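To start, the structure under review is shown below, and the notes come after it.
The values are calculated or read from the model by the stated rules, or taken from the named source; none is laboratory data. These numbers were taken from a predicted model, which means no experiment stands behind them. Don't worry about glycine lacking a Cβ; one is built from the backbone with ideal geometry, like all the others, and counts go over all protein chains shown.
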Amino acid sequence: MVATRDPAVEGLEVYCVGGAVRDARLGWPVYDHDWVVVGATPEEMRRRGFKPVGRDFPVFLHPESHEEYALARTERKAGHGYTGFVVHASPEVTLEEDLARRDLTLNAMAETPEGDLIDPYGGLDDLEARVLRHVSLAFVEDPLRVLRAARFLARYAGLGFTIAAETRALMRELVTSGEIGHLVAERVWTETEKALGEPWPEVYFQTLADCGALGVLMPELAADSEALDEALGRLHCLPEEIDGEALVRWRWARLVEHLNEAARRSLAERLRLPKTHEALARQAALTRELCREAETGGLAAERILAWLDAIDAWRRSERVAPLLSLVSLEAPALADDLALAWRLSAQVLPKTLVGEGFQGRELGEELARRRREAIEAALAP
């Protein structure tokens, strides 16, 4: 990091902390920076033009860069869950005390604006040894750290990282004590959503299963270990056109597509999933059922029509192509048949039948009949 003159922070004791320090030393992309300010007060930060945004502790946005600057703070456990803390922020809190409250040693490193590393808890050694290790026994005070450790492993597993045995023991302790059950749905989903976007998302769920957290937070997935292993294998088997923001939705859909409708709904309600994720999971499950039926005895036109109806293909035609790509991953010939069936049946338009005088119930029945005929024509040898 190169020091530059910044009037907003000139004269303040400021350190870059956390992810930017960690990832720069890993050669990982650094997209933003978090800063800790030691020895300052909220009033002084506001006088310098910083905008306060922290609800539970003093965090401010830089007046120009809008990066986060947090006053150094300590935390004391006072209740259950990740919110059960009393935060103490004052000019007397040192940088080392602030870093001590962090979860993992590789997240407890700081850097001066001139680039000098401050590493009181051995984060750099653990980084070089490819180990995720807790900073202190205070790790067990926050159940969210179980999910964070699993998520970081999902990010760095391909680099050879592992979780230290003693840290895994603390993760299991957070489960057996019941503390993990106090996590609110929004935080569980936030960490899970981030993990689904990491390079090795399957590692996140494997890690949670190994320490017992998955059985508490997502029992529908943990109920069948063999089915879970198969589901985790599907996380990288996606339609090739899927990327960007859609990646997380599709990975979630592939993860849960084997579950029955009741289990999927229960899981979605518990995690308070976005409706888009829940809808795509249902479409993937319906497509999976179609493929399984085709494997065992072939598909009649009526069954294909029912699938198109169920995924709302006529009103949401954009859904069809990626689902066909999903089918092609396992059954290319079936995907070709379904693509032709879709193309021909989609040419049967309601307005054509209205022009012929059909209306009301008769319109719906005739529309279904002609679409079925089109699908039969597509399936004909």
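Some observations on this one:
- Considering segment 269-299, and only residues there that are surrounded by fewer than 18 Cβ atoms within 10 Å (Cβ to Cβ) and β-branched (V, I, T), the residue that is farthest from V248 (Cα to Cα) turns out to be T296.
- Members of segment 11-51 found to be of a type in the set (D, E, K, R), in a loop (DSSP other than H, G, I, E, B) and at pLDDT 90 or above, listed by number: R48
- Scanning segment 243-266 for residues that are more than 15 Å from the chain's Cα centre (by Cα) and buried (at least 18 other Cβ atoms within 10 Å of the Cβ) yields E257, H258, L259, R264.
- Scan of segment 26-52 for residues that are exposed (fewer than 13 other Cβ atoms within 10 Å of the Cβ) and within 27 Å of the chain's Cα centre (by Cα), ordered by number: G27, P29, Y31, D32
- Single match in L117, L132, L124, L144 (criterion: under 29 Å from the mean Cα position of the chain (by Cα) and over 21 Å from L208 (Cβ atoms)): L124
- All told, A262 meets the bar of being without any contact (Cβ under 8 Å) to a residue 12 or more places away in the chain, of a type in the set (A, V, I, L, M, F, W, C) and part of a helix (DSSP H, G or I).
- For the residues A246, A231, A209, the requirement of being touching a helix residue (DSSP H, G or I) at 6+ places or on another chain (Cβ under 7 Å), among the aliphatic types (A, V, I, L, M) and closer than 30 Å to A321 by Cβ singles out A231.
- Subset tally (residues that are outside any helix (DSSP H, G or I), small (G, A, S) and either in contact with a His (Cβ under 6 Å, 6 or more places away or on another chain) or more than 23 Å from A89 (Cα to Cα) (or both)) for segment 99-154: 2
- Residue pairs meeting the criteria (Cβ under 9 Å; at least 6 apart or on separate chains; first more than 15 Å from W314 (Cα to Cα) and of a type in the set (S, T, N, Q), in segment 367-378; second at pLDDT below 95 and surrounded by 19 or more Cβ atoms within 10 Å (Cβ to Cβ)): none
- Some residue of segment 228-239 being within 14 Å of the chain's Cα centre (by Cα), crowded, with 18+ Cβ neighbours inside 10 Å, within 24 Å of A149 (Cα to Cα) and of a type in the set (D, E, K, R): no
- Selection of segment 292-332 for residues being farther than 18 Å from R370 by Cα and not in a helix (DSSP H, G or I) yields G298, I311, R316, A331.
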